[in-house]
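Report on the following structure.
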Amino acid sequence: MEEFLSKPHAMMEHPQFPHLFSPLDLGFTQLKNRILMGSMHTGLEESKDGFKRLSAYFAARARGGVGLIVTGGIAPNRRGWLAPFGAKLSTNAEMRRHRRVTDSVHAEDGKICLQILHAGRYSMHPFSVAPSSIRAHISPFKPFEMSPRLIRSTISDFAQTAYLAREAGYDGIEIMGSEGYLINQFIAPRTNKRNDDWGGSFENRIRFPLEILRAVRAKVGADFIVIFRVSMLDLVDQGSSWEEVEALALALQDAGASIINTGIGWHEARIPTIATVVPQGAYAWVTKRLMGTLKIPLITTNRINTPELAEQLLREGYADMVSMARPLLADPEFANKAYRGESALINTCIACNQACLDHIFGGKEASCLVNPRACQETKFPAPELKAPHAAGKKVAVVGAGPAGLSCATELAQMGVEVHLFEQSASIGGQFNLAKRIPGKSDFAETLRYFEHLILKTGVHLHLNHKANAEELLAGQFDAFVLATGILPRTPAIPGIEHSKVCSYLDVILGRKVPGEKVAIIGAGGIGFDTAAFLLHPSETENPLEQYQKEWGIDTAYHERGGLMPAQIEKPKRQIWILQRSKGKIGERLGKTTGWAHRLALKNRGVQMISEVQYDRIDDAGLHVTIKGEQQILPVDHVVICAGQEPLRELVRPLQDAGIQVYLIGGAQEAAELDAKRAIAQGLKVALEIGA
């Protein structure tokens, strides 16, 4: 299929992104560009009215111009469920429900593939199966070893699901062969300890995926997209070698795959692969190793969140197509905006995982921190930009942090005259701190997005302007939205006024440079961010190389799984993170990213201590009592990260005037700063005011 790189003569080359927006010819069908919306489970697959909502969700991305969509993982049988009563496609009744999804995507001139995923030993139910009876540490259940008969029936189930997908109107399927799920479990020596025809030698271990692919192709015919997602870098002991990855890809090509997609890391791997700490495009090098070996297209993935990076990777020969899942969650219009030359208006994914993956692994529906409309398209339809002041309403929003920015721009899009007051010289609030934290530089992209949205929507922005009640009341506003944020809380500790003491604001904003020994009081997200900030070298090597060394990623692929011993620089500071309460330090951090933050700090020697009583601070340091034992931590500085208090000084005088006042963000709830809640509140309050 060497013609897949050709472009029809009728197509004009895009001036800014010629590779990204060149068609991809698969012979029997053509994709309009090189953007794949990668598979991502949303929880809508199992929700009440889920297919109605999925239809709106996928239709929005198809309308947004993406070249091809892949659904979340759908099991081929009950044993393959991720969880009891999970999404499955094995009957005609289930197939008919999917037609609503495919019809909605096709109505928007889009193409969509169904991902077939058998969880294997990752299944969260007691009937899980695997090639060998070895429990995964991320599952409470030990799987049953599959008999040869069950293996054969499972192969047939994959083929039947593919057939039903075609009957449902899907343009193709993706076979999930990576991330440590069942197919990957057969391929890797780590989880396949069989001594029959399905285990032992490499040829036997890849028999299962190859027979699945052959059975699928025989069932669906030649004119149907079949993507196979190969684990190109397992990042676990006893994973695949590079030679095996390459040989498998070639065998899959010969067995009838249309496209090979890249999978990175098993879910049980102790290396972050998509979190904020991962540099952009950190795993494109793996796909590039395979480029030129195959005659079918290759897709690269993981932390590709801008059209500029996607174009660069395609131009430099890293892949033939790029996969983006969360970036399309954050902005369904990603492709259209890039095509129109409006990249500055893309609502960029910041890889926080707080509303997407954290929700899914917590048993909730996915959404997006920077786009609370994600997976809520039927409840919160995309706004239609109205002329400025068309609504005949005038609203003051005080505070240009995430909550205020969300509310102000949403109101302005509804035609409301909005005046946004910010006492500092720039918008952003707490995001101006977050973007300074190592690994969180993408938070600046959210501020860039809002800066351009303010201009586009006509918000009247007043910087360096601390609004007071008198001027607000004189402005004849119909409503006030207070997004005035927080003030750091100062705990009542004897000696809290000592020169050793500073707040996290002092540290992160560079107003104070702590010494070599630092105690951080408070083990929430801000405490962890402050520790990461203090441990980050001021002058570092290439961020990608640093990440690879720190987490032990072998780009030379000398060992199975692509692992090597981690190389961690000795930190210049000794840090203690302390909390009063019992329990695990950092327990409230994100479910899918918290472990990485904790592990990164532990690897740098940070001591994390709970059940701490703070006795006093003096020249000797921080006096504490830990589980009944008095100690002195001989620190140079004590950084206070002990929570916040809401700023509400404007509430009473505005309410007394009889005008509606709304509190959002930290001004409404400051106990634990939460940008996810703040941005969602901004949207909901705007919709209430503009109704």
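The values are calculated or read from the model by the stated rules, or taken from the named source; none is laboratory data. Keep in mind the model is a prediction, meaning the values are calculated, not measured. Note: ideal-geometry Cβ built from the backbone for every residue, glycine included; neighbour counts use all protein chains shown.
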Check on Asn184, in contact with a strand residue (DSSP E or B) (Cβ under 6 Å, 6 or more places away or on another chain) and of a type outside the set (D, E, K, R):
yes
Picked from the stretch 399-422 (must be surrounded by 24 or more Cβ atoms within 10 Å (Cβ to Cβ) and not hydrophobic (A, V, I, L, M, F, W, C)), the residue nearest to Leu463 (Cα to Cα) is Glu422
Quiz item: Quick one: is Ala269 in a loop (DSSP other than H, G, I, E, B), out of contact with any Pro (no Cβ under 6 Å at 6 or more places or on another chain) and assigned by TED's automatic domain parsing to the domain that holds Arg207?
Solution: yes
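Let's see how each residue does on (1) under 24 Å from the mean Cα position of the chain (by Cα); (2) free of Cβ contacts under 8 Å to residues at least 40 places away in the same chain:
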| residue | (1), (2) |
| --- | --- |
| Pro388 | no, no |
| Gly399 | no, no |
| Leu411 | no, no |
| Gln423 | no, no |
| Ser426 | no, yes |
| Gln430 | yes, no |
| Pro438 | yes, no |
Here the residues within the stretch 502-533 that are free of Cβ contacts under 8 Å to residues at least 60 places away in the same chain and farther than 15 Å from Asn432 by Cβ are Val513
Tell me yes or no: at least one residue of the stretch 151-162 is within 30 Å of Gly64 (Cα to Cα) and either surrounded by fewer than 24 Cβ atoms within 10 Å (Cβ to Cβ) or touching a residue at least 40 places away in the same chain (Cβ under 8 Å) (or both).
yes
Over the stretch 217-244, the set of residues on the phi > 0 side of the Ramachandran plot and aliphatic (A, V, I, L, M) is Leu235
Screening Leu233, Leu213, Leu250 for residues that are more than 28 Å from the chain's Cα centre (by Cα), of a type in the set (A, V, I, L, M) and crowded, with 23+ Cβ neighbours inside 10 Å leaves only Leu213
Of the residues in the stretch 324-376, those that are acidic (Asp, Glu) and assigned to a helix (DSSP H, G or I) come to Asp358
If we keep only residues of the stretch 285-300 that are assigned to a loop (DSSP other than H, G, I, E, B) and β-branched (Val, Ile, Thr), then the residue surrounded by the fewest Cβ atoms within 10 Å (Cβ to Cβ) is Thr293
Picked from the stretch 118-144 (must be under 22 Å from Ala188 (Cα atoms) and without any contact (Cβ under 8 Å) to a residue 24 or more places away in the chain), the residue surrounded by the fewest Cβ atoms within 10 Å (Cβ to Cβ) is Pro140
Over the stretch 542-571, the set of residues on the phi > 0 side of the Ramachandran plot and among the small types (Gly, Ala, Ser) is Gly552, Gly561, Gly562
Scanning the stretch 270-284 residue by residue, the ones that are touching a strand residue (DSSP E or B) at 6+ places or on another chain (Cβ under 9 Å) and not β-branched (Val, Ile, Thr) total 4
Checked pairs for the stretch 245-263, first in contact (Cβ under 8 Å) with a residue 40 or more places away in the chain, second assigned to a helix (DSSP H, G or I) and among the β-branched types (Val, Ile, Thr), C-beta under 8 Å and 6 or more apart or across chains, list as Leu248/Ile187; Gly256/Val216; Thr262/Val286; Thr262/Thr287
Can Phe334 be described as surrounded by 21 or more Cβ atoms within 10 Å (Cβ to Cβ), touching a strand residue (DSSP E or B) at 6+ places or on another chain (Cβ under 8 Å) and assigned by TED's automatic domain parsing to the domain that holds Gln668? no
Before we move on, is Arg63 closer than 26 Å to Leu369 by Cβ, crowded, with 20+ Cβ neighbours inside 10 Å and in contact (Cβ under 8 Å) with a residue 60 or more places away in the chain? no
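Condition check ((1) without any contact (Cβ under 8 Å) to a residue 60 or more places away in the chain; (2) more than 26 Å from Ile274 (Cβ to Cβ)) across all residues:
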{"position": "Asn603", "(1), (2)": "yes, no"}
{"position": "Gln631", "(1), (2)": "yes, yes"}
{"position": "Val639", "(1), (2)": "no, yes"}
{"position": "Val661", "(1), (2)": "no, yes"}
{"position": "Ala670", "(1), (2)": "no, yes"}
{"position": "Ile679", "(1), (2)": "no, no"}
{"position": "Leu687", "(1), (2)": "no, yes"}
